[in-house]
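Working notes, structure below.
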Amino acid sequence: MGFVQGKAQLPVPGCAAIRVRPPGDLGYWSVRDGSYELVPAADAYLRFLRYGRGRALGTTEKYAGNLAVFFDWCATCRVDLAAAARRLDEFVLLLRNELVTRPGRGVGRPRGAGRINHVLVSVREMYKSAVAHGLCGEETIAALFVMGEVPDPAGISESRSRRFALRPRHVLRAEQPGEVVPVSREEFNALMGVTVNWRDRLLLVLMRHAGLRRGEAVMLREEDLHFDGGCAGGGLWRARRRRARGAPRSS
């Protein structure tokens, strides 16, 4: 199942993120439809994100969750990729009115502007990948971005000018970020008191004192630590910066 350019194949409603485990340990997250078939446009993009760009497993999980919402809307409305790009206003309206059902922060409430913008970034990047893989035409890019033109005297393109994307068409004005309230010592000690094993206690200490995010702490490996004393930010600082840039771990 899934989208095929020029045909009416559509995913079955009931799209959701799914963990894909190929041979080896380098898995990734993708999107399956209601009949448990991978959605080609989402799968091609998320595989590229994981293998071609070296993004973390948790990154593909977040993007897969965003794309599952988009493709489920496509399946419910019976629209293909090209039509969905032209009707993206309707998808944004759905995001603004739909209550969050996924467990976690914000469940039972509408999505905020910042969260919606994050979903739209995933959708736009997926469309770029779909064009590169021949799953939809270049006209979809013009539906998603304000386009600009530059002269093409060298004749690289067939026309006299070349078009390029200037800025996204669908961007909501994000709310002012709220004040960050750090965990107090008493709250942290209480959390440590109810933690039943040393592994979880170590993760809590790493997140509090080393400033690691949840995914960074869970995916930490022995080679990410260094004790040479020359790093002003501590033994985990260099590993965190390397993860942020997507560079490979040192051996």
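The values are calculated or read from the model by the stated rules, or taken from the named source; none is laboratory data. Since the model is a prediction, treat every value here as computed from it, not as a measurement. Cβ coordinates were reconstructed from backbone atoms using ideal geometry, including for glycine residues, and neighbour counts include every protein chain displayed. Surface areas here come from the heavy atoms of the whole protein model, side chains and all, with no ligands, DNA or RNA. Shrake-Rupley method; radii C 1.70, N 1.55, O 1.52, S 1.80 Å.
Report, by residue number, each residue of the stretch 90-107 that is in a loop (DSSP other than H, G, I, E, B) and either at positive phi or surrounded by 13 or more Cβ atoms within 10 Å (Cβ to Cβ) (or both).
Initial filter on the stretch 90-107 (in a loop (DSSP other than H, G, I, E, B)): 98, 100-107.
Within the stretch 90-107, V100, G104, G106 qualify.
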Exercise for review: Would you check if V180 is outside any helix (DSSP H, G or I) and either touching a Gly at 6+ places or on another chain (Cβ under 9 Å) or modelled with pLDDT under 75 (or both)?
Suggested key: yes
Review point. Out of the stretch 13-28, which residues are out of contact with any Gly (no Cβ under 8 Å at 6 or more places or on another chain) and free of Cβ contacts under 8 Å to residues at least 40 places away in the same chain?
Key: P22, P23, G24, D25, L26, G27, Y28
Practice item. Taking the residues in the stretch 159-172 that are assigned to a loop (DSSP other than H, G, I, E, B) and modelled with pLDDT under 85 as candidates, determine which candidate is most open to solvent (accessible area, probe 1.4 Å). Key: R160
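Tell me, which residue of the stretch 204-223 that is at pLDDT 70 or above and of a type in the set (D, E) is nearest to S184 (Cα to Cα)? Before the answer, list the steps.
Keep residues of the stretch 204-223 that are at pLDDT 70 or above, which gives 204-222.
Keeping just the survivors that are of a type in the set (D, E) gives 216, 222.
Details: E216: 22, E222: 29 Å.
The selected residue is E216.
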Revision key, fill the gap. When V196 is run through (1) in a loop (DSSP other than H, G, I, E, B); (2) within 29 Å of the chain's Cα centre (by Cα), the failure sits at (2)
Practice item. Could you give me the residue pairs with C-beta distances under 9 Å whose first residue belongs to the stretch 108-125 and is free of Cβ contacts under 8 Å to residues at least 24 places away in the same chain and surrounded by fewer than 16 Cβ atoms within 10 Å (Cβ to Cβ), whose second residue is outside any helix (DSSP H, G or I) and hydroxyl-bearing (S, T, Y) wherever it lies, and which are 6+ apart or on separate chains? Key: G108/T101
Check your understanding: Which of the residues that make up the stretch 61-89 are open to solvent by 80 Å² or more (accessible area, probe 1.4 Å) and assigned to a helix (DSSP H, G or I)?
Key -> E61, K62, T76, R86, D89
Study note, to complete from the structure: Filtering the stretch 129-144 for residues that are farther than 20 Å from D89 by Cβ and either in a helix (DSSP H, G or I) or basic (K, R) (or both) leaves a count of 3
